[in-house]
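The values are calculated or read from the model by the stated rules, or taken from the named source; none is laboratory data. As the structure is a prediction and not an experimental result, all values here were calculated from the model. Here the Cβ positions follow ideal geometry from the backbone for every residue, glycine too, while neighbour counts run over all protein chains shown. Areas reflect the complete protein model, heavy atoms only, side chains present, ligands, DNA and RNA absent. Shrake-Rupley method; radii C 1.70, N 1.55, O 1.52, S 1.80 Å.
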Amino acid sequence: MDSIIKDKSLAPVGHDKINWVKNFMPVMSAIDKEFTPKKPFAGKRMVITIHLEAKTAYMAEVFKNAGAEVAVTGSNPLSTQDDVAAALAENGVKVFATHACTDEEYNDYLRKALDTEPNYILDDGGDLVNMLHTERRDLLKNIIGGAEETTTGVHRLRGLANSGKLEFPMIAANDAYCKFLFDNRYGTGQSTWDGIMRTTNLVIAGKTVVIAGYGWCGKGCAMRARGLGANVVVTEVDPIKAVEAVFDGFRVMPMDEAAKIGDIFLTLTGDKDIIRERHFAVMKDGAMMANSGHFDVEINIPELDNMSISRRTVRNNIEEFKQKDGRKLYLLAQGRLVNLAAGDGHPAEIMDLSFAVQFFSALYVLEHHEELKKQVYLMPDEINTRIAEMKLKSIGVTIDKLTEEQRAYLNL
């Protein structure tokens with residue numbers, strides 16, 4: 001079986017979506033134009049596990065055009081768009097993904113993708129790497145390396161590497177400047193609020209928004225919340241990030257205090273149990289909770305469910321949890337990534353940079369895998385610079401260049 005998709009008749013709509021984002025991803029289009037004739041990945045098999053929507057589909061097509069045999073699965077049960085999956089399968093990429101699949105189906109799709117015996121993997125959250133290091137160790141001999149898209153996945157990779165268990169080199173694509181400075185900040189900042197606003201159809205201005213975690217994603221969401229007119233509170237465990245949030249003009253306090261005053265809660269930490277029973281117990285009637293961290297563990301849903309007298313869906317992607325005292329608390333998108341489960345993910349112009357990082361990460365591993373150790377690597381600075389230069393050129397922006405005298409002065 002070449003692919004498992006929901007409905008192949010949805011492909012025309014998927015093609016329209018993919019063609020739309022191509023218009024706004026000039027760097028990926030330039031990469032496609034340069035490397036399609038060269039076919040650097042000819043003879044290599046690649047598995048991509050990522051949120052399967054139009055922008056990621058275009059990236060998969062660029063890899064295919066560059067010679068790779070590509071198989072794709074979704075990295076979240078709710079972020080797969082079935083029309084895009086159908087279009088991608090029609091374009092010759094093996095696709096194993098359906099929207100709202102069960103956990104069992106999700107893992108089975110990973111297994112079927114790995115059955116293609118990949119040489120390179122592109123992971124989003126670490127589930128693919130985990131499966132390769134546990135039940136599919138028979139495939140390790142084929143792997144020359146890979147890259148990880150998310151903060152959560154990089155944490156998991158470094159845990160493996162620090163314990164000496166990582167079996168192949170991985171590029172921390174998430175930690176590339178051209179990824180986290182733009183994708184995590186501007187991408188997450190815009191797409192998260194897009195998901196929240198299209199789901200709730202409520203005003204943000206005047207509400208108290210609690211941002212849990214002030215990493216790059218948290219910074220972006222706090223910045224956009226303030227721009228929408230919200231009163232922003234930040235919760236943190238890192239003293240340096242907390243000071244930064246204060247200096248950026250936000251109130252900082254523990255979640256135990258913030259839980260009492262928040263109207264909208266947004267978690268972006270990559271850790272579990274950020275909001276739990278003691279916080280639910282003091283929240284205001286009508287408080288809304290959403291998550292933009294990779295896994296659905298930041299808001300402790302089992303504890304919320306256990307303390308509620310009823311749980312029902314009141315609007316698409318909104319669940320109401322009624323408390324014994326009559327308060328109603330609302331959870332968006334099942335606590336999964338609200339920007340993808342209830343939206344279309346990051347803007348195309350942002351992912352243009354992120355997926356350029358992924359392409360050049362794969363190219364770097366391909367060209368250097370024999371000298372790379374079983375470690376987590378940062379992408380070389382010169383590749384970041386190349387991607388930024390391509391982006392500037394694509395939007396018609398020029399910058400100054402150092403003279404030889406200026407270079408000599410800086411090198412003194």
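Quick notes
- When residues in the stretch 212-231 are screened for being over 17 Å from residue 152 (Cα atoms), buried (at least 23 other Cβ atoms within 10 Å of the Cβ) and of a type in the set (A, V, I, L, M), 2 of them pass.
- Total residues in the stretch 377-412 satisfying the condition of being closer than 25 Å to residue 163 by Cα and open to solvent by 30 Å² or more (accessible area, probe 1.4 Å): the figure is 2.
- Residues satisfying the stated conditions in the stretch 235-265, i.e. closer than 19 Å to residue 292 by Cα, aliphatic (A, V, I, L, M) and open to solvent by 70 Å² or more (accessible area, probe 1.4 Å): 237
- Verdict on residue 74 being open to solvent by less than 20 Å² (accessible area, probe 1.4 Å) and either in contact (Cβ under 8 Å) with a residue 40 or more places away in the chain or of a type in the set (Ser, Thr, Tyr) (or both): no
- Cβ-Cβ under 6 Å pairs, at least 6 apart or on other chains, the stretch 104-116 side farther than 11 Å from residue 128 by Cβ, far side surrounded by 19 or more Cβ atoms within 10 Å (Cβ to Cβ) and of a type in the set (Gly, Ala, Ser): 116/71
- Residues in the stretch 90-107 include none that are among the basic types (Lys, Arg), part of a loop (DSSP other than H, G, I, E, B) and over 19 Å from the mean Cα position of the chain (by Cα).
- Filter result for residue 273 (in contact with a Gly (Cβ under 7 Å, 6 or more places away or on another chain), in a loop (DSSP other than H, G, I, E, B), modelled with pLDDT of 95 or more and not small (Gly, Ala, Ser)): no
- Residue in the stretch 39-65 that is surrounded by the fewest Cβ atoms within 10 Å (Cβ to Cβ), counting only those that are touching a residue at least 60 places away in the same chain (Cβ under 8 Å) and in a loop (DSSP other than H, G, I, E, B): 40
- Top-ranked residue of the stretch 277-334 - restricted to ones that are in contact with a helix residue (DSSP H, G or I) (Cβ under 7 Å, 6 or more places away or on another chain) and among the β-branched types (Val, Ile, Thr), ranked as surrounded by the most Cβ atoms within 10 Å (Cβ to Cβ): 299
- Residue within the stretch 233-251 that is touching a strand residue (DSSP E or B) at 6+ places or on another chain (Cβ under 8 Å) and more than 20 Å from residue 220 (Cβ to Cβ) present: no
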